[in-house]
Amino acid sequence: MHSGVHQAIATVWRIESARITASVARVVRDVGVAEELAQDALVAALEHWPQDGVPDNPAAWLMITAKRRALDHLRHRQMADDKHGGIAADMEALGTTHVPDFVDALDEARQDDIGDDLLRLVFTACHPVLSTDARVALTLKLLGGLTTHEIARAFLVPEATIAQRIVRAKRTLSDAGVPYEVPRGDALGERLASVLEVVYLVFNEGYTATSGGDWMRPDLCNEALRLGRMLAGIAPQQPEVHGLLALMEIQASRTAARTDAEGTPVLLAEQDRSRWDHLLIRRGLAALDHADLLTTEPGAYHLQAAIAACHARAGRADATDWARIAALYGELLKVSPSPVVELNRAVAVSMNAGPAAGLVLVDALMKNKALRQYHWLPSVRGDLLARLDRREEARAEFERAAELANNEREKTFLMERAAALRG
């Protein structure tokens with residue numbers, strides 16, 4: 001009996017924790033305090049629901065319990081500060097001058113502008129004052145509802161490390177006096193870029209793990225998709241939000257085909273496209289169409305989604321429109337110049353104009369310091385050399401790529417490619 005109730009609590013918490021924390025944070029104006037008060041509501045559920053049963057509206061029960069805790073917090077703070085009249089203003093911000101009955105909780109929860117609250121929480125958790133690692137950990141904790149144990153397991157780091165990052169992140173936000181608000185004007189673009197960067201970092205770590213024994217960590221991909229869909233719902237007029245969502249949906253559609261039965265990576269050109277998730281592809285293409293409607297000047301995620309769409313629309317690998325992909329990478333270089341984009345463009349050029357044309361572009365990148373430890377550079381060069389039947393040179397490049405790779409599956413895959421070229 002209790003195990004079923006605990007499972008129900010866990011499920012509701014995963015879905016609702018971000019909304020609850022966001023609503024409370026609007027009142028107390030402190031993300032760290034808001035999370036603690038939301039956690040108090042969770043503890044109350046764990047204490048009461050096994051005896052009293054799961055309420056008809058569990059999400060509203062948690063929301064109003066957290067708000068009661070917030071009201072108590074404000075009362076204590078007002079008494080401590082002895083600021084006469086402050087409690088009245090705080091209660092007005094809370095949206096009530098009394099603690100409502102639980103039968104009214106659902107209506108109150110609906111009246112709250114949850115979308116605005118979530119947007120404030122997103123921008124706060126991803127504030128540039130925090131390091132990238134801290135932004136990722138705090139976002140997964142506050143918006144994903146993940147425990148520190150789950151985040152640590154996903155990124156293969158000690159749980160204590162994640163706990164410290166989260167504590168320090170909340171302290172940094174508080175010490176810096178970061179306002180709990182959606183940025184306006186010129187600041188919006190910069191801050192939105194920080195939010196999207198965090199979501200895509202989470203997705204990429206799931207899509208191709210940087211270390212460990214697994215090629216992918218689908219749980220992280222799914223969490224990033226959930227965050228991306230949430231962002232699209234609360235920021236519907238931002239084309240890059242839809243561009244990122246389109247990119248993630250389309251890339252995630254290939255998950256089942258990216259490894260064989262033993263977990264060995266399968267290259268894009270060799271994947272069984274019947275195993276691609278066509279529902280995710282349709283969702284991704286719809287998000288891309290929506291982004292197209294919002295702007296005529298696509299950003300970096302928008303352009304990457306357009307590239308992914310070229311692959312998604314090709315029923316066979318040899319039907320891929322590589323000329324368009326190469327052109328899109330050219331556009332991406334203008335918007336977001338980087339040696340990695342140049343490397344990807346070289347691959348597209350090689351598929352469109354032949355390996356010799358691609359090799360010229362790759363060789364020009366060999367002295368780039370930013371790519372010196374990037375294992376995909378020798379891997380791509382090895383592939384181009386193999387296609388030109390320069391087998392010994394190709395083998396040496398694959399071996400070098402394997403030395404640079406940190407992921408065990410990837411390292412093994414590259415060594416197998418090198419071994420296949422011996423003799």
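The values are calculated or read from the model by the stated rules, or taken from the named source; none is laboratory data. From a predicted model like this one, the values you see are computed outputs, not experimental measurements. We place every Cβ from the backbone using ideal geometry, glycine too, and count neighbours over all the protein chains shown.
Would a scan of segment 242-263 turn up a residue that is crowded, with 17+ Cβ neighbours inside 10 Å, among the charged types (D, E, K, R) and in contact with a strand residue (DSSP E or B) (Cβ under 9 Å, 6 or more places away or on another chain)?
Checked against the condition, which is being crowded, with 17+ Cβ neighbours inside 10 Å, among the charged types (D, E, K, R) and in contact with a strand residue (DSSP E or B) (Cβ under 9 Å, 6 or more places away or on another chain), segment 242-263 yields at least one hit.
Considering only segment 354-363, state which residues are free of Cβ contacts under 8 Å to residues at least 12 places away in the same chain and hydrophobic (A, V, I, L, M, F, W, C).
Answer for segment 354-363, where residues must be free of Cβ contacts under 8 Å to residues at least 12 places away in the same chain and hydrophobic (A, V, I, L, M, F, W, C): A357, V360.
State whether the residues of segment 328-346 include one that is modelled with pLDDT of 95 or more and touching a Cys at 6+ places or on another chain (Cβ under 8 Å).
yes
Could you check segment 13-30 and list, in sequence order, the residues that are among the hydrophobic types (A, V, I, L, M, F, W, C), under 18 Å from H48 (Cβ atoms) and touching a residue at least 60 places away in the same chain (Cβ under 8 Å)?
W13
Of the numbered conditions (1) out of contact with any Lys or Arg (no Cβ under 6 Å at 6 or more places or on another chain); (2) aliphatic (A, V, I, L, M); (3) part of a helix (DSSP H, G or I), I166 satisfies every one except a single condition; which is it?
Status for I166: all satisfied but (1).
Please specify each residue of segment 169-190 satisfying the condition of being surrounded by 14 or more Cβ atoms within 10 Å (Cβ to Cβ), assigned to a helix (DSSP H, G or I) and either of a type in the set (V, I, T) or out of contact with any Gly (no Cβ under 8 Å at 6 or more places or on another chain) (or both).
Let us first name the residues in segment 169-190 that are surrounded by 14 or more Cβ atoms within 10 Å (Cβ to Cβ), namely 169-170, 172-174, 178, 180, 182-183, 188.
Next cut, assigned to a helix (DSSP H, G or I) only: 169-170, 172-174, 188.
Answer for segment 169-190, where residues must be surrounded by 14 or more Cβ atoms within 10 Å (Cβ to Cβ), assigned to a helix (DSSP H, G or I) and either of a type in the set (V, I, T) or out of contact with any Gly (no Cβ under 8 Å at 6 or more places or on another chain) (or both): A169, T172, L188.
Of the residues A44, A10, which single one is over 23 Å from I151 (Cβ atoms) and without any contact (Cβ under 8 Å) to a residue 24 or more places away in the chain?
A44
Quick check on my filter: what residues within segment 145-159 are farther than 25 Å from A22 by Cα, without any contact (Cβ under 8 Å) to a residue 12 or more places away in the chain and aliphatic (A, V, I, L, M)?
Result: V157, single match.
For A309, are the conditions met, namely being of a type in the set (A, V, I, L, M, F, W, C) and either without any contact (Cβ under 8 Å) to a residue 40 or more places away in the chain or not in a helix (DSSP H, G or I) (or both)? Steps first, please.
Details: of a type in the set (A, V, I, L, M, F, W, C): yes; either without any contact (Cβ under 8 Å) to a residue 40 or more places away in the chain or not in a helix (DSSP H, G or I) (or both): no.
Taking the combined requirement at face value, the residue does not satisfy it.
Can you tell me how many residues in segment 20-59 are small (G, A, S), surrounded by fewer than 21 Cβ atoms within 10 Å (Cβ to Cβ) and in a helix (DSSP H, G or I)?
3
Out of R345, R409, I need the residue that is over 26 Å from G213 (Cβ atoms) and part of a helix (DSSP H, G or I). Which one?
None of the other options fit; the residue is R345.
Could you list, in sequence order, the residues of segment 365-386 that are surrounded by 16 or more Cβ atoms within 10 Å (Cβ to Cβ) and among the charged types (D, E, K, R)?
Once the filter is applied, which keeps residues that are surrounded by 16 or more Cβ atoms within 10 Å (Cβ to Cβ) and among the charged types (D, E, K, R), segment 365-386 yields R381, D383.
Being under 22 Å from M230 (Cα atoms) and part of a helix (DSSP H, G or I) is the filter here, so list the residues in segment 141-163 that pass it.
K141, L142, T148, E150, I151, A154
In segment 153-168, which residue that is at negative phi and among the hydrophobic types (A, V, I, L, M, F, W, C) is surrounded by the most Cβ atoms within 10 Å (Cβ to Cβ)?
I162
Looking at (1) surrounded by 20 or more Cβ atoms within 10 Å (Cβ to Cβ); (2) free of Cβ contacts under 8 Å to residues at least 24 places away in the same chain, which is the only condition A291 fails?
Of everything listed in (1) surrounded by 20 or more Cβ atoms within 10 Å (Cβ to Cβ); (2) free of Cβ contacts under 8 Å to residues at least 24 places away in the same chain, A291 misses just condition (2).
Just the residues that are part of a helix (DSSP H, G or I) and either in contact with a Ser or Thr (Cβ under 7 Å, 6 or more places away or on another chain) or surrounded by fewer than 17 Cβ atoms within 10 Å (Cβ to Cβ) (or both), please, taken from segment 313-326.
Within segment 313-326, R313, A317, D318, A319, A323, R324 meet the criteria.
Consider E262 against the criteria (1) free of Cβ contacts under 8 Å to residues at least 24 places away in the same chain; (2) in a helix (DSSP H, G or I): it satisfies all of them except one. Which criterion is unmet?
(2)
To keep it simple, each residue is scored yes or no on (1) among the aliphatic types (A, V, I, L, M); (2) farther than 26 Å from Y207 by Cα.
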| residue | (1), (2) |
| --- | --- |
| L371 | yes, no |
| W376 | no, no |
| S379 | no, no |
| G382 | no, no |
| R387 | no, yes |
| R390 | no, yes |
| A402 | yes, no |
| L414 | yes, no |
| A418 | yes, no |
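Among the residues of segment 222-232, is there at least one that is assigned to a loop (DSSP other than H, G, I, E, B), touching a Gly at 6+ places or on another chain (Cβ under 9 Å), crowded, with 17+ Cβ neighbours inside 10 Å and not aliphatic (A, V, I, L, M)?
Within segment 222-232 (the criterion being assigned to a loop (DSSP other than H, G, I, E, B), touching a Gly at 6+ places or on another chain (Cβ under 9 Å), crowded, with 17+ Cβ neighbours inside 10 Å and not aliphatic (A, V, I, L, M)), the answer is no, since none of the residues qualifies.
Any idea which of (1) outside any helix (DSSP H, G or I); (2) buried (at least 16 other Cβ atoms within 10 Å of the Cβ) is the one Q78 doesn't satisfy?
(1)
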